[in-house]
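Only one structure is covered here, and it is reproduced in the block below.
The values are calculated or read from the model by the stated rules, or taken from the named source; none is laboratory data. Quick caveat, the model's predicted, so the values are computed rather than measured. Every residue, glycine as well, gets a Cβ built from its backbone with ideal geometry; the counts of neighbours run over all protein chains shown. Side chains are part of the model used for accessible areas, which takes the heavy atoms of the whole protein and leaves out ligands, DNA and RNA. Shrake-Rupley method; radii C 1.70, N 1.55, O 1.52, S 1.80 Å.
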Amino acid sequence: MSAIQFLLSLFILILSLLFIYFTLKKHESSNKSNSTLIPKSYPLIGSSFAIKANSDRRVQWTSDILQTLSSPTFVLHRPMGSRQIFTADPDNVQHILKTHFHLYGKGPVSRHTLFDFLGNGIFNADGDTWKFQRQVASHEFSTKSLRKFVETVVDTEINERLVPILAEAAVSGTVLDFQDVLQRFAFDNVCKIAFGYDPAYLSPGLPPAPFAEAFEESVMIISDRFNRAFPIIWKIKKILGIGSEKRLKETMSQVRDFAMKMVQDKKQELIETNSRTDDSVDLLSRFLNSGISDETFVTDVVISFILAGRDTTSAALTWFFWLIFRNPNIETNILQEIQEINNLEENIFEEAKHMMYTHASLCETMRLYPPVPVDSKTAKGDDVWPDGTPVRKGDRVTYHPYAMGRLEKLWGADWADFKPERWLRQEDEKRSFVGRDPFSYPVFQAGPRVCLGKEMAFLQMKRVVAGVLSRFKIVPADGHEFEPVFIAYLTNKMKGGFPVRVEERNKN
């Protein structure tokens, strides 16, 4: 019997077992919006019924469960005896990300599932491969690079591309998908600062962007892979070259061709300019000058950093602009701060440091809508967490920033309110920012894998806020009737985008 025949037989057997089970026993109600109890587990198939029933709202569903528990940790039983442990306990998060970092990595299952998209890039690597990429990348996030990023790349993109597009939309009354606009903005920025390449996706008329569209579709398919109740289904589809796996191969071919050409062009540029590592000002040049000759590996690096730079800041800003529309008093406070900052005779880098209220508003946005709402590791050995939860070797463990931002014990009874003031301390007439420990607020991870681009992300977001709000008011096309739907792939999104109208402030 061939491998394909064996897999098909196994697939048919599983479908038969499921059919028999559904026929002989009525499954308990799995109301999608009210499922707040730990789902029941059955032999062989685990909690696959509940997983399937909540597949379109998995982040909210697991968050609802964690919010109902006195100790926010539970075990989700997946098919064939595998387990996934979800936690929103800060002590457990610290245990995973820092004190027992050596025990928790990406693991073979996660690496295999994400490999067709991320390859050996930093977000899918462990051990020496991860350490090497981390070390090389860390040079890019020095103060000097941050100044260059803010003072040249970001402000050029704002003033020469973003503002003109918004101004034109304000005059014409055009409805823009602001989520798409912000993704284009972030994509141009990450390519320019990290790779020394300008894709110019944020252009007048917002023309089709084949690479970005292929990238987005690849993220969706690979995320669906990661969350399937029965992973064997996507594996069979991949072997047979059908359905979503056939499409993933096509979209990833586009993504890899784009990234590979960027790598090859940069290699040729370095040869022609005889550039040394010390002269290299972008991340891609540093990797190519580090002695790496494998273009496939460097392409993996490029794709990983595009994912990090494009999807995280754009997600945070998308939710930010919706939240301040819903909270006009907060928008007024931000505008006042922007006016005060504009009166300071300082460079852009220094000005951003003084935007305390804006910083707090961005932190509050990411508390409620973290760009990466859940993150998973794999246990390399048996362990016991601080709350007493036993962990077995091979368990998939998931800490849950989305749920943690909604826990009353961490944020108080008003956790559902958008309240930047919870991040601020008023002393005399001065405001200061009060951060949370990274294990209660792991939006940027923590420990050895803490996000290298955290400061860069805040600087970029503050400049966008100042550049946009000082001139325009962003209004959802449906006004207060607009209720965005939160969806999550590898990062979060507004389902269907964020349609807005742009209003010039000086006309009001």
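The angle separating the long axis of helix 127-138 from the principal Cα axis of greatest extent in the chain is about 10 degrees.
Restricting the calculation to Cα atoms, the chain yields a radius of gyration followed by a Dmax of 23.5, 79 Å. Of the whole protein surface, Asp375 contributes about 30 Å² of accessible area at a 1.4 Å probe radius. With all protein chains in place and ligands, DNA and RNA left out, the 1.4 Å accessible area ranks Tyr489, Tyr399 as Tyr489, Tyr399, largest first. Considering only Phe86, Tyr201, Ala170, the residue lying farthest towards the positive end of the dipole of the stretch 67-219 is Phe86, judged by Cα position with unit charges set on Cβ.
At a Förster distance of 56 Å, what's the computed FRET efficiency of Asp128 paired with Ser470, Cβ-Cβ distance as r, to 0.05? Efficiency computed from Cβ-Cβ geometry: 0.75.
Hey, got the dipole for the stretch 381-477? About the Cα centre, +1 on K and R Cβ, -1 on D and E Cβ, debye to the nearest 20? Could you put the intermediate results ahead of the total?
Values: 17 positive and 13 negative charges, 107 e Å.
Here the size comes out at about 520 debye.
Counting only protein heavy atoms and using a 1.4 Å probe, the accessible area of Thr312 comes to about 40 Å².
At q = 0.15 Å⁻¹, what base-10 log of I(q)/I(0) does the Debye formula yield for the stretch 362-507 when every alpha carbon is treated as an equal point scatterer in vacuo? Once normalised to I(0) and log-transformed, intensities are -1.03. Listed by chain and number, the lysines whose C-alpha is less than 23 Å from the C-alpha of Lys430, apart from same-chain residues fewer than 8 away, are Lys353, Lys419, Lys462.
For the stretch 85-199, the Cα-based Rg and Dmax, in that order, read 19.6, 57 Å. Here the label points at Lys495 and Lys52, each 7 Å from Cα along the C-beta direction, are separated by 2.0 nm in the simple model.
Please give the contour-minus-distance gain from Thr273 to Asn159: 0.36 nm per residue of separation, less the Cα-Cα distance, rounded to one decimal in nm.
In short, 38.0 nm is gained.
A straight Cα-to-Cα reach below 13 Å connects Lys454 with the aspartates and glutamates Glu140, residues fewer than 8 places away in its own chain not being considered. Calculated over the stretch 175-236, the projected area of the Cα convex hull averaged across directions stands at 6.0 nm².
Would you work out if the stretch 167-277 is rounded, prolate or oblate? Take a ≥ b ≥ c from the square roots of the eigenvalues of the alpha-carbon gyration tensor; rounded if a/c is under 1.5, else prolate when a/b is larger than b/c, oblate otherwise. Show your work: numbers first, answer last.
Working: a/c = 2.78, a/b = 1.21, b/c = 2.30.
Judged from the Cα gyration tensor, the stretch 167-277 comes out oblate (a/c at least 1.5, b/c at or above a/b).
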